[in-house]
1. When the helix-only estimate is applied to chain A (DSSP H runs of n ≥ 4, each -39,500 (n - 2.57), divided by the residue count), what is the mean residue ellipticity at 222 nm, nearest 500 deg cm²/dmol?
2. Any idea what the relative contact order of the range A:30-172 is, in percent, if you count C-alpha pairs under 8 Å spaced at least 6 apart?
3. Taking the protein assembly as shown as the region of interest, what is the percent of Cα-Cα pairs per 10 angstrom bin, listed from the shortest bin to the one with the maximum distance?
4. Would you mind estimating how fast the range A:49-297 diffuses translationally, via Stokes-Einstein at 20 °C and 1.002 mPa s with the Kirkwood radius over Cα pairs, in µm²/s?
5. Give the average, rounded to an integer, of partner chain Cβ atoms located within 10 angstrom of each Cβ in B:72-78.
6. With both partners inside the protein assembly as shown, how many of the DSSP beta bridges are antiparallel, as a percent to the nearest 5?
7. Can you give the convex hull volume per residue for the Cα atoms of the range A:132-232, as a whole number of Å³?
8. Would you mind checking the range A:266-294 for residues with the amide N under 14 Å from a putative spin-label position 7 Å along Cα→C-beta of residue A:80?
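Each value in this text was obtained by applying a stated rule to the coordinates, not by laboratory testing. What you see is a predicted model, and the numbers here were worked out from it, not measured in a lab. Ideal geometry is used to build each Cβ from the backbone, glycine not excepted, and the neighbour counts take in all protein chains shown.
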Amino acid sequence: MKTKDAPVTKAYDVERIRAQFPILRELVHGKPLVYFDNAATSQKPRRVIKAESAYYATINANVHRGVHTLSTKATEAQEAAREIVRRHINAQHAHEVIFTGGTTASLNLASFSLGQLVLKPGDEVLISGMEHHSNIVPWQLACERHGAKLKVIPITESGEWDLTQVPFSDETRVLAVSHVSNMLGTINPVKELIAEAKKRGIITAVDGAQAIAHLNVDVQDLGCDLYAFSGHKAYGPTGTGVLYGREELLERMPPWQGGGEMIDTVTFEKTTYAKLPFKFEAGTPNIAGIIGLGEAIRWMEDYDFAFAKASAEQGKSAFAAHEHMLLERATKELLTIDGLRIIGTAKEKVGVISFVIEGVHHYDLGTLLDQQGIAVRTGHHCTQPLMERFGVSGTTRASFTCFNTTEEVDTMVTATQKAVKMLR
Amino acid sequence: MSTTMTLAQTQQELVSEFAMFSDWQDRYEHLIELGKDLPLIAPENKTDDNLVRGCQSRVWLNAQLKNDLVHFTADSDAMITKGIVALLVRVFNDRTPEEIIGASTDFIDTIGLRAHLSPNRANGLSAMIDQMKRYAVAFSGNASTA
């Protein structure tokens, strides 16, 4: 507890970070947990767990409803979290931050509401070939509802957008693309593509699920109209998410779900809606989760910035630099394994490494790594079209975070070699 | 029909076999070895219809009734999964539909296999057993009239 407030003096102290995560003391099959599935969900620092349970223990009440003290406190805590998110992503207004259940819910809201607002028969929605199913299927559904078509930016061999073949057309109404690929780790040039889309009057939405914990996201700098992310991938609780939207656009977008909280007045003839952000937040929100999300962002900022400040590379994210170091080590060492091929070799990547090994099924490898205490993701990673693009049925993916160590990377490489020997 | 052991005896034999292994590596190596003895499904039967739903790797399972006994063939693209199917086939192969329908599958827990499988794989395991029992149910009508 004491160390929490001690000043940060070292450039990067991974042990100090690890001490924040209770789960890292767990054993898996009797071995210390090596958690390399951070892109699926991040682990939670003690501060986040405490913030969430403190809400239930001390101020649990419904928000924006009662005049009683607890309700006021709960409302203040939730709205404080909104302000933390606003500041973190540099939105202009707190009411541009809509709380949702996660990235998937954010993208469903965006696609449903935007579909109503702008899509007509013959219109086009442009996505990319590396999207997660969450940023494909909701748009497909919107296209089906309004008679619009889905267009796709092709992916190069290295796992990047082929910018020479972006199928913009006069019919393109919406561009919806990921900031970072969950399977390849590619950091996409979203800012450049958004600028191009804006020139053509296209509404832009970004799936930031894999970016939020690794990049400094600045929605005004990106210039996007909408930006979606989950809390649980950024050290926050599950069941929390955000849809950022530019005020002017959100004002025009129709509500997605109806219910309590989102109305101004209701009669059986006509309902008028609440102002932003509540127009898009029907029902009682995940108050505890939202408070936890606010704490997660504060935790991330505290440590990331403190380490960055103490390091030579001021202004850069210390977490990102650490994760990049792990990525480079894993890439170099894994490539020494005979028949191993990395899927996703873009120049700009977050700490995600996806690979296939000749003659080894990813599922067997995942099982044998688990027996050695190592958690990786195997399968199609909810990106079936991308799997098809690379001609594989699935990959093994290791994704790194601030608390992973070089020793853990070495453990994974040795464990992989052992598994390969058993399987060949 | 290499064995005259009953279904229950075969299960017991598997339990004893796996009890010999104290560490995960030996257990999995044995499972992978078992997979190599699996009666393989004919390539023309590797159809989508014969895919077992609920498995994360692909598993094909086919059954035929020969002399009133159910004969299974199968395959998987993952070796551990193939070992698991082989284990089930060793227990259920060349039994009467009634024996298969009435069989308990406690041996899977006794072997400690379920504890070593992810919930996803465990679902796959249940899916395989369900599929084998479904074949037996389908054949039970045919067998009595044959």
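1. About -11500 deg cm²/dmol.
2. Value for the range A:30-172: 14 percent.
3. 3, 15, 22, 22, 19, 12, 5, 1, 0
4. 115
5. Counting other chains' Cβ atoms within 10 Å and averaging over B:72-78 gives 3.
6. 65
7. It comes to 108 Å³ per residue, whole-number rounded.
8. A:288, A:290-294
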